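Undergrad: Take this structure first; my questions come after.
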């Protein structure tokens, strides 16, 4: 099935002018690329098409360069984060749910549909709910695992590494992390950036930076930016050319949690040292994730609520 994106666009919203916080620059405008329901996990394929998840419908969608939209995979096992590896295989963070109880990280050859399970159990127990994933040049995958109840699950959050031989290693766990979410590496792969997004009264709501060794271990954790008491970031993406870190964070309306509206909903652009360089407001709740194209013109895609947004980068 292929659906015309034009019929899904919201022209009145798409025409809104979004004013950045830096007054010396011209305003930046987000364009609605597609509209479905509760979007997450954008990833760009080699042909320029954008894969993203529709968590409300448990589907993976594919937006083609010509603007047409199709369902790539139905019954996605509540997949959240997506990533293409160095061989253009699709890595999927399948969060599952309490009834299926089948959380796992999988990898699919999208040409053949062949799928393999990369991570499902650690120390004899099922992992909780894999959320987001990144990769280094050696092909090692780093993913975050949400805390979710369940008698036969690990029961605690963590950050894991999957080596090319499919061995699974836990890098972080409590009390070092509460609720790990977005994850990405710096272009030189010497720093790993991690989101903590605990919505509780005193929950950690910040971006952390860790030194990443050549062996894939972490050290020297420090807070890069603190969003507390507002809603923390969710997903992260990295501009490989500038080393700027992008994060989607914030709320436009309260959602029944202790998170305040101090963090405005939008795309935040930071330097590698954590200095806020730019803010691109987004009208849609809730912003969830982002990715950046490598071709010119470079475009950042953002999943937000029911929308997939795109914004050319300067």
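Undergrad: Give me the residue from segment 111-122 that is in contact with a strand residue (DSSP E or B) (Cβ under 7 Å, 6 or more places away or on another chain) and modelled with pLDDT under 95 and, out of that set, surrounded by the most Cβ atoms within 10 Å (Cβ to Cβ).
TA: By that ranking, first place goes to 122.
Undergrad: Specify the residue that is modelled with the lowest pLDDT; the eligible residues are those in segment 123-139 that are surrounded by 18 or more Cβ atoms within 10 Å (Cβ to Cβ) and over 20 Å from residue 44 (Cβ atoms).
TA: Keep residues of segment 123-139 that are surrounded by 18 or more Cβ atoms within 10 Å (Cβ to Cβ), which gives 126-135.
Still in the running and over 20 Å from residue 44 (Cβ atoms): 126-130.
Details: 126: 87, 127: 90, 128: 90, 129: 92, 130: 95.
Residue satisfying both the conditions and the ranking: 126.
Undergrad: Residue under question is residue 43, and the condition is that it be buried (at least 16 other Cβ atoms within 10 Å of the Cβ), touching a strand residue (DSSP E or B) at 6+ places or on another chain (Cβ under 8 Å), under 25 Å from residue 286 (Cβ atoms) and in contact (Cβ under 8 Å) with a residue 12 or more places away in the chain; does it hold?
TA: Values: buried (at least 16 other Cβ atoms within 10 Å of the Cβ): yes; touching a strand residue (DSSP E or B) at 6+ places or on another chain (Cβ under 8 Å): yes; under 25 Å from residue 286 (Cβ atoms): yes; in contact (Cβ under 8 Å) with a residue 12 or more places away in the chain: yes.
Judged against the criteria, residue 43 is a match.
Undergrad: Looking only at segment 171-187, how many residues end up being in contact (Cβ under 8 Å) with a residue 24 or more places away in the chain and surrounded by fewer than 15 Cβ atoms within 10 Å (Cβ to Cβ)? Explain how you work it out, then say what you get.
TA: We begin by selecting, within segment 171-187, every residue in contact (Cβ under 8 Å) with a residue 24 or more places away in the chain; these are 171-172, 176-187.
If we keep only those that are surrounded by fewer than 15 Cβ atoms within 10 Å (Cβ to Cβ) as well, we get 187.
So the answer is 1.
Undergrad: If residue 276 passes every condition in (1) over 17 Å from residue 225 (Cα atoms); (2) at pLDDT 95 or above; (3) surrounded by fewer than 14 Cβ atoms within 10 Å (Cβ to Cβ) but one, which one does it miss?
TA: Among (1) over 17 Å from residue 225 (Cα atoms); (2) at pLDDT 95 or above; (3) surrounded by fewer than 14 Cβ atoms within 10 Å (Cβ to Cβ), the lone unmet condition for residue 276 is (1).
Undergrad: Sticking with this structure for a sec: With 305, 256 as the choices, which residue is farther than 24 Å from residue 174 by Cβ and free of Cβ contacts under 8 Å to residues at least 24 places away in the same chain?
TA: On the way: 305 fails: free of Cβ contacts under 8 Å to residues at least 24 places away in the same chain.
Answer to the selection: 256.
Undergrad: Looking at this structure, is residue 254 modelled with pLDDT under 95 and more than 29 Å from residue 294 (Cα to Cα)? Write out each step before concluding.
TA: On the way: modelled with pLDDT under 95: yes; more than 29 Å from residue 294 (Cα to Cα): yes.
Yes, satisfied.
Undergrad: Of all residues in segment 103-137, which are closer than 20 Å to residue 183 by Cβ and assigned to a loop (DSSP other than H, G, I, E, B)?
TA: 103, 120, 127, 128, 136, 137
Undergrad: Could I ask something else about it? Return yes when residue 240 is under 19 Å from the mean Cα position of the chain (by Cα), in contact (Cβ under 8 Å) with a residue 40 or more places away in the chain and surrounded by fewer than 17 Cβ atoms within 10 Å (Cβ to Cβ) and no when it is not. Don't jump to the end; show me each part of the working.
TA: Details: under 19 Å from the mean Cα position of the chain (by Cα): yes; in contact (Cβ under 8 Å) with a residue 40 or more places away in the chain: yes; surrounded by fewer than 17 Cβ atoms within 10 Å (Cβ to Cβ): yes.
Here the answer is yes, as residue 240 does meet what is asked.
Undergrad: Kindly check whether there is at least one residue in segment 146-157 that is surrounded by 17 or more Cβ atoms within 10 Å (Cβ to Cβ), at pLDDT 95 or above and under 22 Å from the mean Cα position of the chain (by Cα).
TA: no
Undergrad: For residue 108, all conditions in the list (1) modelled with pLDDT of 95 or more; (2) crowded, with 18+ Cβ neighbours inside 10 Å; (3) under 22 Å from residue 39 (Cβ atoms) hold save one; what is the number of the exception?
TA: (2)
Conditions tested, residue by residue: (1) in contact with a helix residue (DSSP H, G or I) (Cβ under 6 Å, 6 or more places away or on another chain); (2) closer than 16 Å to residue 170 by Cα; (3) surrounded by fewer than 17 Cβ atoms within 10 Å (Cβ to Cβ).
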| site | (1), (2), (3) |
| --- | --- |
| 195 | no, no, no |
| 198 | no, no, no |
| 202 | no, no, yes |
| 208 | no, no, no |
| 213 | no, yes, yes |
| 220 | no, no, yes |
| 226 | no, no, yes |
| 231 | no, no, no |
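The values are calculated or read from the model by the stated rules, or taken from the named source; none is laboratory data. All of these numbers come straight from a predicted model, not from anything done at the bench. Cβ coordinates were reconstructed from backbone atoms using ideal geometry, including for glycine residues, and neighbour counts include every protein chain displayed.
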